Amino acid sequence: MSLITTLARAEAVATGRATPLATVRHRYLSERPLVLVPLTTAGEVGAPLGALVGTVREEPRLLVVPQPRDRDLRFAFLSELAQVVLPYVEGYADEVEVEPATRNRVGAPPSRQAGGESEVCADAPQLIVPNSAAADYVRLLGRSTRFRRTAEEDPETPFPVPARVPLLGRWLTHYGERARTPGSSLLLAMTELLTRHWATGQSDLEDQHLGALLAWIDLPLSSPVGVPPAKPGGGPPPPGLSGAAAARRAESGRGADGLLFFPPAGPATDPVFDNTVLAPAMKRYDAGLTGAEQRIRDLVASQLRPTWDAVWHGLDLLRALGEGGRVEERWKRDRWSYTGHRDRVRAGEPPQPRRDNAVAAAQKLAGRETAQARLAAAEALDDPLVMAGRRLAGEAFAGEVAEVEMAYSEGKIPKPRPLVTVLTGDRPHLDPDGKVFRALPEGKTQQGQFVEWAGPGAAVVRLVNGMGRGREPEPASVPEKGDRVCWTLFEHSPRGGAELPDPEDTPWTHGGPPQAPGEASLDTVNAMNSLDSPDPVTAEDYL
Amino acid sequence: MTTAAGEAAAAATERILHDTLYGTARGVVVDSPPGAGKSTLVVRAARELVAAGESLMVVAQTNAQVDDLADRLATADPELPIGRLHGSDSLPDPVLDGHPSVMKSTKAGDLAQQKVVVATAAKWAFVKDVEPWRHAIVDEAYQMRSDALLQVAGLFERALFVGDPGQLDPFSVVGADQWAGLSYDPSASAVVTLLAHNPGLPQHRLPVSWRLPASAAPLVSDAFYPYTPFRSGTGPEDRRLYFGVPSDGSGPDRVLDEAAASGWGLLELPARHTPRTDPEAVRAVALVVRRLLDRGGVAVSERGTSPLTADRVAVGTAHRDQAAAVRAALAEVGVSGVAVDTANRLQGREFDVTVVLHPLSGRPDATAFHLETGRLCVLASRHRHACIVVCRAGVAELLDEHPSTEPVQLGVTVKFPDGWEANHAVLAHLAEHAVRWRP
């Protein structure tokens, strides 16, 4: 945790309210996101209990599995989910922009970075879930459905799933995987969004509880719009409550029936709810009693609705922040990601493999590391509060220009290399000859080289570029005495490293080329899945 | 120097060179504890391969390592045509200008005639469309990430991998858990991936540390290399450190005397939770260094007798801001020329005396970062004579309150010892050389 975050948290403890960590919004928010609040069944991995899903705040679609251990009902749920999610996801596929032929295309996959015109979707669908556990659940649903077969694809398949379920799995997998790229906004978890922009006085683990997190940020906790509280006593807390007390109330306040006022944001359910309410209702359902299914639907809805409202409320809070200047550029990378997967689906490519091969894994890691470095730089440049954190950490310094001394490089054609002395109260970790960077108007970056400390707090920087081609620097390209400048020790748009080999050129050190090359056929995928042979039988197996 | 140690080391080197020159395996792995002559081995292997009519590429991890290797190669054999491949914005160390046999270029094609071409892994990754080298030497292979090896392994047919398994593992700034347990986990070390896919490769070990004194080798070997022990190349009488100016009785002087006599010293400050740049501890480090230089230290070793000067002293910390704070404190007491850096940057370097700000000093918690075995191992194994640790009291209790809780991943080889245990082992040893001091 950085010093400024520690400071913000300490301040939150002292004031009893969340402290802002940002002055602008650092993630893209779609005008029409799809909110998905899933619930899972305790003790049964990957068995959904229900979900609220939709793009309209007042009209969530309730999906419920009355008996999650019945796999037919499970796939009926997934089929219903596909009917909501896929039309939304596919709704963005056809409206495209044409990218002109260019050499450096922001965020485009390597195959499209250079060359002729290319199309990118004008907008992309955005999925919002309550917390990171729900994002993991999206991955799990994707994993459990993308390899399934439908009767249309294969009449022989022993356990066909409803149409479009495998396609849902592929999209959920793509969104789940993309969410691991720092700064991406295709799939966002509300708790992560909120903790990026506010610091509370509780631990990271406690911040995973959406209700508690909102309690800190949003005192007093407002009643969910248009929905009566789940239980009497679940309404807004009395005024004057501290964040910690409000969070405690949101986390563990229970009514006379023993149920939580604010159920957990899922996907796990409250055990008391499971045992005292849900289990008897399911028993009645199993016995075939009339009205039992409706009762379960009502119960599941009662657990989901507060979280649904909390997610939308979180969106309100975030929308109140202005968007950071470089957010749109990152969203463009997300649009490329969406377009890329749209193309793979259209081309009839098989679902994403169960495991990445060596080259794909290295490619993803490299891409995410570059994204992380770009994100860290962009957030600092977009937001003085984030930059303050970097300055406090010795990774940037700001101050007033005290002196500019014109100097020139040696060589046949002398180039301007002015020396700028900056008076700063910051304490940057500057190495001799270390590179420093400064943002110029129009999004350009000027590079400098640290020369020396000319006195306490007086850093001398030699400008090395961004001054045009002539002997005299272009106007406004060199700061003047009295200007405020901010230099960073980190690059503003770091590039990735060298390219990786093609998978078929995987070297011997990494096991050679993958055994089953990516043929565009499901048979190959199935063959790959059965590649893992069982462990050999040992003597201990017969004990 | 003990003859038995010399013979053991020579025999190990012969076996390694034999496997490299005449073996049939595509790779040879050499584990080298701190100061065991890894660089010497690399230079010798390179020269023998060239003598056998081969040309080879050498992969190291940082520009400083590459420059150092090129310098050593050129010094050992001024006739050897060496190529130094470098990036356009990272010029090689000017020290290479002194070697006419070293040719520098940013393009591999320019260096095709050189018998040995040296570059960082990151630079090699950009080399495309060249005839693969028959041989390669990969230096600091345990600090190289698996994905970096993936980028360069197509450039050579066979390779000698040399490195120290006890030092800091490579890391990633983003999560890589989704690949944990895969044989080619891109965030794992290159050697782990290499051996997972080629389990039959010959593995060797350099058995003797020439750097660590007899007082340090047993501790470092037991604490960090419990299953692959090594010994010191020198006996207890071969290295001595003494001061011309007697102790003034202060804490720093007493800990210096303890360290001079036993090779280890712990300056223990009163227990307290502090920010990372604990001003008292930082000042204590600066004072110890000041006194170390003021007291006219003399180091006697198998290399001869030499005065202890600032360039033979280093200060090691866990974090960069701590290093910056120590530098500022040293400047205040008028000390210059002492290397002050983090464990990551001190890797591979050697000094007579090191002063270490303990990674867990003053902390309220023990995170995986601060517990990492390699971090402590690097800090405790840079010295030829003595190591002085400055630390707040209470680290043993802190460790007991924070047992390792890293999740166990299927398919990932558990690394022994874990940082928790290694920290306890070192702490228990240091406790015998503790000087309690209230600044």
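The values are calculated or read from the model by the stated rules, or taken from the named source; none is laboratory data. As the structure is a prediction and not an experimental result, all values here were calculated from the model. Here Cβ is always computed from backbone atoms with ideal geometry, including for glycine, and neighbour counts include all displayed protein chains. With ligands, DNA and RNA removed, areas are computed over all heavy atoms of the protein, side chains included. Shrake-Rupley method; radii C 1.70, N 1.55, O 1.52, S 1.80 Å.
Worth a mention:
- Two-site label geometry, residue B:310 and residue B:15: point separation in nm, points 7 Å out along Cα→Cβ: 4.6 nm
- Counting only other chain Cβ atoms within 10 Å of each residue's Cβ, the peptide A:354-362 averages 6.
- Label point distance in nm, residue B:416-residue B:401, each placed 7 Å from Cα along Cα→Cβ: 3.0 nm
- Compactness relative to 2.2 N^0.38 Å, alpha carbon Rg of chain A: 1.14
- For chain A, averaging the sequence separation of C-alpha pairs within contact (under 8 Å, six or more residues apart) and dividing by the residue count gives a relative contact order of 15 percent.
- When you restrict to C-alpha pairs under 8 Å that are six or more residues apart and normalise by the size of chain B, the relative contact order lands at 17 percent.
- Exposure of residue B:50 as accessible area (Å², to 10), given a probe of 1.4 Å and all protein chains: 30 Å²
- Net charge of Cβ neighbours under 9 Å - reference residue B:312; Lys, Arg +1; Asp, Glu -1: -1
- Evaluating kT/(6 pi eta Rh) at 10 °C and 1.306 mPa s, with the Kirkwood radius of chain B over Cα pairs in the Stokes-Einstein relation, gives 70 µm² s⁻¹.
- Inter-part distance where segment B:419-437 and segment A:295-329 are each reduced to a Cα centre, Å: 51 Å
- Close amide H contacts of residue A:65 (hydrogens built in the peptide plane, cut-off under 5 Å, sequence separation of 5 or more or a different chain): A:50.
- Span-like helix ranges in chain B, DSSP H, alpha carbon extent 20 angstrom or more, Kyte mean at least 0.0: B:3-22, B:279-294
- Heavy-atom SASA rank of A:444, A:332, B:115, A:481 (probe 1.4 Å, accessible area, largest first): A:481, A:444, B:115, A:332
- Helix A:132-145 vs. chain A, principal-axis angle (Cα, 0 to 90°, nearest 10): 60 degrees
- If R0 equals 25 Å, the separation of the Cβ atoms of residue B:250 and residue A:452 corresponds to a calculated FRET efficiency of about 0.10.
- Hits among lysines - C-alpha to C-alpha of residue B:415 under 26 Å, sequence gap 8 or more where chains match: A:364, B:38
- Within the shell defined by Cβ-Cβ distances under 10 Å, the residues around residue B:171 carry a net charge of -1, with Lys and Arg each +1 and Asp and Glu each -1.
- Amide H to amide H, with H built 1.01 Å from N, residue B:138 comes under 5 Å of B:59, B:160, B:161, B:162, counting only residues 5 or more places away or on other chains.
- Nearest 10 degrees, 0 to 90: helix A:165-178 Cα axis against chain A principal axis: 30 degrees
- Helix A:327-346 axis versus longest C-alpha principal axis of chain A: approximately 50°, rounded to the nearest ten.
- Surrounding net charge for residue A:204, when Lys and Arg each add one and Asp and Glu each subtract one, Cβ distance under 13 Å: -2
- Pairs of C-alpha atoms in the protein assembly as shown farther apart than 51 Å represent 28 percent of all such pairs.
- Around the amide H of residue A:265, modelled in the peptide plane, lie the amide H atoms of A:210, A:211, all under 5 Å away and 5 or more residues distant in sequence or on another chain.
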